[in-house]
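Shown next, in structure tokens, is the structure this report addresses.
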Amino acid sequence: MNSFPIFLEMEGRDVLVVGGTHIAANKVRLLAKTPARVVIVAEGLDPAFREFEDLPNICFNYRPFEAGDVLGKALVYAATDDDAMDTEVCRAAKAAGVPVNVVDKPDLCQFTTPAIVDRAPLTVAISSSGQAPTLARKVRAAIDELLPSRLGTLAAIAGGFRNRAKALIPDTARRRRFWDRVFAPSKVSELLALEATRIPAALESLARGEAGAGRVILVGAGPGDPDLLTLKAHRALSEADVIVYDRLVGDEILDYARRDAERIYVGKSRGDHTLSQDEISALLIERARAGEIVVRLKGGDPFVFGRAGEEIEALRRAGVALDIVPGVTAAAACAATSHIPLTHREFASAVTFVTGQLKAAHPQDWRGLAGDGRTLAIYMGLAQAEGISDGLIADGLDPLTPVAVIENGSRAEERRVFATLKSLPEVVREHRVESPAMIIVGEVAALAKDWPTELSDTEFNPLAVAAE
Ligand code: SAH
């Protein structure tokens, strides 16, 4: 970096332009945008100078250059069309210690004028250090196209709002986050769509929102397929400062999070609790109290075997604001991908969501849970396949009752295997079914789109029953 970019404060400064050529006029045009006083020394003027005639901060001197002209100036430009004269201006400026630019003569320049994108107060300056001016111009054009024309207006209004923002949000980190939000591309277009006079009020309401306490959004991430995220879940993910997530939430879903959101994995698969439930609740409370938007992301629906109850209670006790976004629960997702209607006018008038195991890994009591016309959707049942089979048969269920087991429902690696209640443990073992898997017990399981004909022919087939 042979040239060092800086921005010069021009208020109260004088700039000398020597020469009345067309290119000298171009420099004057740029300088006239600043509050500096522009002193022109020239014996004759190109007609292009006419546009500056009435400008108050431009002062014309129709006479030859004198070395003393450079004294007290912040900058000197020369564009005289006369090599000897240019050199003389350069020498005088150097002697007086005033930075000089002789237009189009790099050897005589102590500084260069960059290609400029002007969205004052936002200014972008581009330089190729004189090596590739065309490249610099192309970069300028690209950036020019990128920046909305009214961005300067927004920047100026934002500047005027700085003190107010400081008063509303005294905390520095929060204030930085507020400005981050204001200048997020989607917010910029939203603000620019407003009339300029309405922008301060919009900033005010954003700042008040930011100043408010943080909150927790308990979000159901669905069964794994990101297309099954709700729009609300999607919005929460894109707003989050922190995302606290479980094992059941896949990377594909985390990809929807705000890029700079912090992600905290808290484990929670069987026997692998990275943080205890109390520690998770404490973490949510601490982050929300620090003013952050905390998304607590859980697989499926947070209220279906999601242990949400415990976290809600802790948040409520701590007085932390909470929103809840439901998700597609595994039973619904697995039923959909397998084409198993969980209820059916013919075969099932009730569906029960049940967990295969209770607190401290105690097995479920299967008595009275299933029967004719009832569907069981069993979560976390894999390790209990034997107990489910025995328990339900002992309760009087037909050993030939259809069972569907859906592993990784809705994900790319989804696998479905089918069994009867009697053969369930064996089928799970034989096919090495792994968690997460959903076990659907009941006549409707045989309506699965790929229910195997062997099972239909030899065992229970509700379609055949319906046809009778
Ligand atoms: N809150 C979640 C359930 C959490 S309990 C929900 O509403 O879906 C975890 C159990 O859910 C797993 O053991 C498994 O039985 C089931 N499960 C979760 N995701 C699943 C998936 N993609 N396919 C099949 N079963 C799933």
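List of remarks:
- For the chain, a Kirkwood radius taken over Cα pairs fed into Stokes-Einstein (25 °C, viscosity 0.890 mPa s) yields D = 86 µm²/s.
- The listed residues Ile340, Ile264 rank as Ile264, Ile340 when sorted by accessible area, largest first, using a 1.4 Å probe.
- For segment 278-351 versus segment 142-195, the spacing of their alpha-carbon centroids is 35 Å.
- Remark: the Glu53-Ala141 segment gains 28.7 nm on full extension, using 0.36 nm per residue and subtracting the alpha carbon distance.
- Calculated [θ] (222 nm, deg cm²/dmol) that DSSP helices of n ≥ 4 give over the chain, each run adding -39,500 (n - 2.57): -10500 deg cm²/dmol
- Segment 162-208 shape via C-alpha gyration tensor axes, a/c threshold 1.5: oblate
- Each peptide among 3-13, 391-401 gets the average number of other Cβ atoms lying within 10 Å of its residues, and from highest to lowest they stand as 391-401, 3-13.
- Taken about its Cα centre, segment 331-467 carries a charge dipole of about 400 debye when Lys and Arg each add +1 at the Cβ and Asp and Glu each add -1 at the Cβ.
- Using θ = phi - 60° in the Karplus curve 6.51 cos²θ - 1.76 cosθ + 1.60, the 3J(HN,Hα) couplings for segment 42-56 round to 7, 8, x, 10, 5, x, 4, 6, 4, 4, 9, 3, 9, 7, x Hz; x is entered for Gly and Pro.
- Under the criterion of Cα pairs below 8 Å and six or more residues apart, the relative contact order for the chain equals 9 percent.
- Simple rule: put +1 on each Lys or Arg Cβ and -1 on each Asp or Glu Cβ in segment 134-242, find the dipole, and look at Ser149, Leu203, Leu168; the Cα lying farthest toward the positive end is Leu168.
- Cα gyration tensor shape for segment 3-119, rounded if a/c is under 1.5, else prolate or oblate: rounded
- Asp81 - accessible surface, heavy atoms, 1.4 Å probe, Å² rounded to 10: 140
- Approximate spin-label separation Thr355-Thr230, in nm, with each point projected 7 Å along Cα-to-Cβ: 2.2
- Rounded FRET efficiency, nearest 0.05, which uses the C-beta distance separating Thr34 from Ser149 and R0 of 22 Å: 0.65
- Taking Tyr265, Tyr77 and ordering them by how much accessible surface each has at a 1.4 Å probe, largest first, produces Tyr265, Tyr77.
- Take the chain with all the other protein chains still there, run a 1.4 Å probe, and you get 52 Å² of accessible area per residue.
- If both residues of a DSSP beta bridge must be in the chain, then about 35% of such bridges are antiparallel.
- Taking a straight line from the alpha carbon of Lys105, these lysines sit under 20 Å away, with near neighbours fewer than eight places off in the same chain left out: Lys27, Lys94.
- Shape of segment 313-468, Cα gyration tensor, a/c cut at 1.5: prolate
- Rough spin-label spacing in nm, given labels placed 7 Å along Cα→Cβ, for Leu400 and Leu122: 7.3
- Net length gained if the chain between Asp251 and Asn61 were fully extended (0.36 nm per residue, minus Cα distance): 61.4 nm
- His339 contributes about 110 Å² of solvent-accessible surface, heavy atoms of the protein only, 1.4 Å probe.
- Each peptide in 353-361, 231-239 was scored by the mean count of other Cβ atoms within 10 Å over its residues; highest first, the order is 231-239, 353-361.
- In percent, rounded to a whole number, the relative contact order of segment 278-394 is 19, using alpha-carbon pairs under 8 Å and six or more apart.
- Relative to the longest principal axis of the Cα atoms of the chain, the long axis of helix 385-394 makes an angle of roughly 40 degrees.
- Glu286-Lys166 FRET efficiency (beta carbon distance; Förster radius 35 Å; 0.05 resolution): 0.85
- With 0.36 nm allotted per residue and the present C-alpha distance subtracted, the Met1-Ala184 stretch has 62.8 nm of extension available.
- Most positive-pole-ward Cα, His22, Gly409, Pro99, against dipole of the chain from beta carbon charges: Pro99
- Lys, Arg +1 and Asp, Glu -1 on Cβ, resulting dipole of segment 22-80 about Cα centre, debye, nearest 20: 240
- Residues whose placed amide H lies under 5 Å from that of Val17, excluding near-sequence neighbours: Val39, Ile40, Val41, Tyr77
- Carbon/sulfur fraction of accessible area - the chain, other protein chains in place, 1.4 Å, %: 52
- Ordered by solvent-accessible area of protein heavy atoms (1.4 Å probe), largest first, the residues Cys59, Cys334 come out as Cys59, Cys334.
The values are calculated or read from the model by the stated rules, or taken from the named source; none is laboratory data. The shown structure was predicted, so the numbers you read here are calculated from the model rather than taken from an experiment. Positions of Cβ are backbone-derived with ideal geometry, glycine not excepted, and every protein chain shown enters the neighbour counts. All accessible areas refer to the heavy atoms of the entire protein, side chains included, with ligands and DNA or RNA removed. Shrake-Rupley method; radii C 1.70, N 1.55, O 1.52, S 1.80 Å.
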